[in-house]
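This report refers to the structure that appears directly beneath it.
Only the coordinates and a few stated rules stand behind these numbers; no lab work does. Computed from a predicted structure; not experimentally measured. So basically every Cβ, Gly included, is an ideal-geometry build from the backbone, and we count neighbours across all protein chains shown.
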Amino acid sequence: MNKWLVMAGLLSIAAAIAHVAVIFGGPDWYRFFGAGEGMAQAAERGSLRPALITLCIAAILLGWAAYAFSGSGLIPRLPLIKPALILISAILLARALAPAAILLFAPGRMSPFVLWSSAIVLILGMAYAVGTWIAWPFLGSHR
């Protein structure tokens, strides 16, 4: 069992739960968690758009958790496991670079949300990347 990928899967589930909680928490939660004023105002107006976007993000995170658990050996092998884990790692690590991009291109838009969310995403991305690296020799074989 690959502890890094198990941790990545559990963290992805936690993030998915947090996203669903934001929907139930309403506009103030959208603001607090950095979704932006537009999303918060849309939620205040009763628009379904913020909830649908947030549910899509939660679903993606749950899919990523499934791939982490598959790569760790907890569940059966999912299709395209190697490219999926590489892509998930790359997306998360690229997202973790957001503060650098903001400092370069829009320094006035830096916020505490960008910093702490990027730190969380960096941890998650590293868990996927290290776990994938460790599991790599076993990902092509059938169990």
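So the values come out like this:
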read-out: Helix-derived mean residue ellipticity, 222 nm - over the chain, DSSP H n ≥ 4, -39500 (n - 2.57), to 500; value: -26000 deg cm²/dmol
read-out: Charge tally in the Cβ shell below 15 Å around M39, where Lys, Arg are +1 and Asp, Glu are -1, M39 excluded; value: 0
read-out: Which of A59, L48, G9, positive extreme of dipole for the chain (C-beta unit charges); value: G9
read-out: Percentage of interatomic Cα-Cα distances in the range 3-139 larger than 19 Å; value: 54
read-out: Nearest-20 debye value, the chain charge dipole, Cβ charges on Lys, Arg, Asp, Glu; value: 340
read-out: Stretch gain in nm, segment L104-S47, where the contour uses 0.36 nm per residue and the Cα spacing is subtracted; value: 17.1 nm
